[in-house]
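The values are calculated or read from the model by the stated rules, or taken from the named source; none is laboratory data. For clarity, every value in this text was computed on a predicted model and none was experimentally measured. All Cβ positions, glycine included, derive from the backbone under ideal geometry; neighbour counts span all protein chains shown. All accessible areas refer to the heavy atoms of the entire protein, side chains included, with ligands and DNA or RNA removed. Shrake-Rupley method; radii C 1.70, N 1.55, O 1.52, S 1.80 Å.
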Amino acid sequence: MIIKVKVSAVTRKFNSETSRITLISYCFSGIVTYHLIWWLIFKKNKTMKLILHSTIAFVAMVSICFGAPFKSTDKCGYSACNLGQPDKLNVHIVPHTHDDVGWLKTVDQYFYGARNDIQHAAVQYILDSVIPALVENPDRRFIYVEMAFFWRWWLQQTEDMKNTVKQLVNSGHLEFISGGWCMNDEGVTHYSSIIDQHSLGAEFLRDEFGECGRPKLGWQIDPFGHSREVASLFAQMGFDGLFFGRVDFQDYAIRNLTKTMEMIWKGSANLGEQSWLFTGILPRVYTAPSSFCFDYRCRDEPIKDDPRLHDYDVDQRVQAFIDAAHIQARSFTTNHIMMTMGSDFHYENANEWFKNLEKLIKHVNAKQANGSDVNLLYSTPTCYLYALNNANKTWTTKTDDFFPISYSEHGLWNGYFTSRPALKRYERHSNNILQVTKQLNAFSNITLRQAFFPLNEAMGVAQHHDAVSGTEKQHVADDYALRLSDGIDSALYVINQAYKKLLPKENRSPVVPNQFLCQLSNISECLPIEGQDIFTLTIWNPTIQPVQHIVHVPVTKYYTIRNPTGEIIFADVHQISQIIKNIPGRTSSAQLEISFQTSIPALGFNTYYFQAISEIEIEKKSSIEVTYNEACILQNQNLRIEFDDQGNLKNITNRRKNFTVSFSAQGFYWYTSFPGNNSGPEFQASGAYFFRPLTPTPLPVSNTRNITCTYSNVSQKASIVYNEWASQEIRLYDGANNVEMEWIVGPIPIDDNFGKEIIMRYDTDIQTDGLFYTDANGREIIERKRDYRPSWNYTVYESVSGNYYPIPSRVWIKDNQRQMTILTDRSEGGSSMHDGSVELMIHRRTLYDDSQGVGEPMNETAYGKGLVICGKHFLIIEPPENSALYHRPTAQQLYMSPISTYALPAVSYTDYSNNFRQTWSALTAQMPYNVHLLTLDQLTVKVFLIRIEHYFELHEDDTFSKPVQVDLQFFFDSVGKIMDLTELTLSANLPLNDMNRLIWRTANDESSYSKPTHSKASLTNTIVTLNPMQIKTFQVTLE
């Protein structure tokens, strides 16, 4: 592709004729040299990229000679900003493209421009077009956001092109905004993965562009709701502000009238000013004003500014723009407004945009001579933010979040809280493996960080607001899952290399058997161990506390099991249920499942040795008892669970605290999906994005059920079958403080032509007064009230979906004496539609598209049938003042579960135990209960990144909601002694001492200034103090 550029006709003015002659001589010789190079390129048949780079060089040279000089300055960030004129309405023109990291096409199809029959979009050509356009005119600005695409493009560039881009970045012409691998979703993502994906992008930008590549604000223009926790995380990353595009239409209308589109968002109830973030709502989501979109995808007219030609329209277009600017300014409080000029995959022909924008800027600004107060200037969101900061205004505040948000009276963006539940679970599982891989790589000191980059990258992509959200086309969802699978394969290589160092005993060099994962164990399938006489199971605990873990192993034989000390342990052997066996796609021949309970050391592993025995060798005195369709009780030291003979859960009693929660109903229900044609708000269909039930009353999936209760040494369980597509198994393990509820739903029947939204509902006698509580991205908790919004006088249009919130990890209801907390194994939508009730949507199958762009109903299938989903809830019944003591660590252990790998050693137990460690821990000291190891990542041989957090909130617990100290050296005792510590921002791209955020003032005269509490740790001070909900990030160098 040869890029055509227009040379400016404006001649630069010089102070002397000598200067002009010297410049002309230089230009003439340069042009002759350019033509010689051009001829040589064609002579040697070089690639088109050389033509592009030569063209850029020529444009830069011609600009120097004849006008529009390319300014190669060292200014970037705020120092590169044009703040406009103090007596004018300054319109900050922000050229941008919004590039979805997968949606209607896969991320690579979007990058290359493949499958344009689905959607014309080609990111590589956007960047190919924008760069020379920025070189052509030094006034131009452009922002870029999604590092998943920029990284792909960057890998293909020559050093000359990279140097050109670096000059553009260093001079502020090209600016990176937000800088994450993607523009992450905010409703269903987990804070661990949000931090990781932003850190991945931040690391790339730091390594390639230095300080000028560091983003200064968040840019969340397309996600379908906004989380208070994300605002807090962004503030901790050092961002000065956040802009987004989507809010509830009722909220928007009020803010538009009251000039409160911009505010100080207090992102944490625990962290104070360090979590505050200036936040602005964009007026048109992220598009240009009406009739001023100059991309070939738009139908807007270009600016026709030559009076010698027909159709001259400058006067009309200028006045239309001035009117649009004044209208927008009515909603804002300063003499600065920002106009986003771009949209999805725009600027493939950047010249078309910039040429028309420059005509607009020229002619609108020319009107100032006739008294116009509108001043147009190329800008960026960073510069607009800086202009607001310099305006010395005070701002209103917000302490709640932006969930759920309504597109219209009957279209609420909250179906995606549950859409594609299998992908949501797989993403959470993939993060679990990623964190374990990082730890194993670090403790084994094998420096294989790049080897598992495919999983890092796949997880970064998966956080996109059309990925884990479930709002993509089916083939794109398949691609996300494939990327995660390939990433896990890369991680498994590192896991194997790590265990080759950690498993052998000192001075022993045995052949270490290959470790493998059994990722279908949730449907009792592990094909590689079927029929084996010997295999081992190694379990890694990624948390810093020992955990009690329940092991389930599907087998085709009977086995003895030896624990790490060589003792034979007792295990239960159950028949695998017919419901599991009937799941479509299950190919295992295993009929049995072995279960046992064990303790796994903190940040360490145990290995269990399985050896086959004949059935004759098994003791016949079975301790398993079974009852069918009878009232039954499950009971351990802490809890008592009662069922009637119809399979109804009646009571759960906390035996330690001596109180009972009674249930009037518990089980599966379904809402009928609204079957609209989307021709108007009242005909809005339920689909991938939107949840809209046809009626507000859910129906039970069955009026009858069968219950089977089983009692064994390891567990007691009630298996309840509702029909051929819905069942649950309620388990109580010895010593457990929670109730495990495993459910299987699907294939959801649609032969009646009704879409169905399946919920699990828990109706109790807890007195809730309309209140319930949900988590934000797995961290802080927000109080919810039915039919209410804290920020405005809410009008109810949809009585059910209007009360549905994202539940990434937990929800609870409580009264003065009792609290029921439900933890989830993935993000789900949920609510409390009646006092004492909690419902969680666990599966969806709709038959209509909701007209939000994806063009498909939420109708997932597998193996020719509707998709079957397996999942778990965990119930904790405690007094409110004690609940955090249980739900906080349980939630951490769910997202950082022990990871099991199997091996086929083909040696006797004696040989195995002589050659291999069977237990190991990286820790030699007990760690504080309220501290969590969030990240441990080996960067180089002696340099590590570590994040630790206090994961209790203020006032949650009398003991564990207080500040805590932890010695970082304890984490590194197995690998070396700490020589140097540097505390970093949350995204790990800036020393915390160097973070200087902009200071804002609220309407209540509060200052966002946060007094620094950090200092560079010394060799003698590796002890860190953590306050409730505080995360600290360090770069650690070992001796």
*Sort 304-314, 279-289, 970-980, 151-161 for me by packing, meaning the mean count of neighbouring Cβ atoms within 10 Å per residue, highest on top.*
279-289, 970-980, 151-161, 304-314
_Mean separation of Cα contacts under 8 Å, 6 or more apart, over the residue count of the stretch 665-882: relative contact order %_ = 24 percent
*Hey, how many Å between the Cα centroid of the stretch 1022-1037 and the Cα centroid of the stretch 363-420?*
35 Å
*asked:* Report for the chain the percent antiparallel among DSSP-assigned beta bridges with both residues inside it, nearest 5.
replied: 85 percent
_With angles folded into 0 to 90 degrees, how steeply does helix 453-462 sit against the dominant principal axis of the chain? Use alpha carbons for both and round to 10._
80 degrees
*If amide H atoms are built 1.01 Å from N in the plane of the peptide, which residues on other chains or at least 5 residues away come under 5 Å of the amide H of Thr396?*
Ile264, Ala1003
*Taking amide hydrogens as modeled 1.01 Å from N in the peptide plane, which residues meet the under 5 Å criterion relative to Trp1000, leaving out close sequence neighbours?*
Ser1008, Tyr1009
*Determine the distance separating the Cα centre of the stretch 164-201 from the Cα centre of the stretch 575-597; give it in Å without decimals.*
44 Å
_Relative contact order [Cα under 8 Å, 6+ residues apart], the stretch 831-978, whole percent_ = 15 percent
*asked:* How would the stretch 490-571 be classified by its alpha-carbon gyration tensor: rounded, prolate or oblate, with rounded meaning a/c under 1.5 and the a/b versus b/c comparison settling the rest?
replied: rounded
*What accessible area per residue, rounded to a whole number of Å², is obtained for the stretch 665-882 using a probe radius of 1.4 Å?*
32 Å²
*Rounded if a/c is under 1.5, else prolate if a/b beats b/c, else oblate: with a ≥ b ≥ c from the C-alpha gyration tensor eigenvalues square-rooted, which is the stretch 214-354?*
prolate
*With a probe of 1.4 Å, find how much accessible area the stretch 407-452 has per residue, and write the answer as a whole number in Å².*
21 Å²
*Based on alpha-carbon positions alone, could you give the equivalent ellipsoid semi-axes of the stretch 665-882 from the gyration tensor, as √(5λ), descending, whole Å?*
29, 24, 14
*When the helices in the chain are scored as -39500 (n - 2.57) per DSSP H run of 4 or longer and the sum is shared across all residues, what 222 nm value do you end up with, to the nearest 500 deg cm²/dmol?*
-8000 deg cm²/dmol
*Arranged from highest to lowest average of other beta-carbon atoms within 10 Å per residue, in what order do the peptides 163-169, 545-551, 702-708, 367-373 appear?*
163-169, 545-551, 702-708, 367-373
*Whole-Å semi-axes of the chain's equivalent ellipsoid (Cα gyration tensor)*: 53, 34, 27
*asked:* Per residue of the stretch 900-906, what does 6.51 cos²θ - 1.76 cosθ + 1.60 with θ = phi - 60° give for ³J(HN,Hα)? Whole Hz please, x for Gly and Pro, Karplus curve as stated.
replied: 9, 10, 10, 8, 10, x, 6
*Could you pull out every residue, at least 5 positions away or on a different chain, whose amide H is within less than 5 Å of the one on Val374? Hs are placed 1.01 Å off N in the peptide plane, and Pro or chain starts have none.*
Leu89
*What are the ³J(HN,Hα) values, in whole Hz, obtained from phi via the Karplus relation 6.51 cos²θ - 1.76 cosθ + 1.60 with θ = phi - 60°, for each residue of the stretch 788-804 in sequence order, with x given for Gly and Pro?*
8, 10, x, 8, 7, 6, 7, 9, 7, 10, 10, 6, 8, 5, x, 10, 8
_If I fit a long axis through the Cα atoms of helix 381-390 and take the longest principal axis of the Cα atoms of the chain, what angle between them do I get, 0 to 90°, rounded to 10?_
80 degrees
_Rel. contact order, % - alpha carbon contacts under 8 angstrom, at least six apart, the chain_ = 13 percent
*For helix 249-258, what angle does its Cα long axis make with the longest principal axis of the chain, in degrees from 0 to 90 and rounded to 10?*
50 degrees
_Please list, in order along the stretch 105-121, the HN-Hα scalar couplings obtained from phi with the Karplus expression 6.51 cos²θ - 1.76 cosθ + 1.60 (θ = phi - 60°), rounded to whole Hz, x for Gly and Pro._
10, 6, 4, 6, 5, 5, 5, 7, x, 7, 6, 6, 5, 7, 7, 6, 7
*Send over the Kirkwood Rh of the stretch 928-1038, from the inverse of the averaged 1/r over different Cα pairs, rounded to one decimal Å.*
15.3 Å
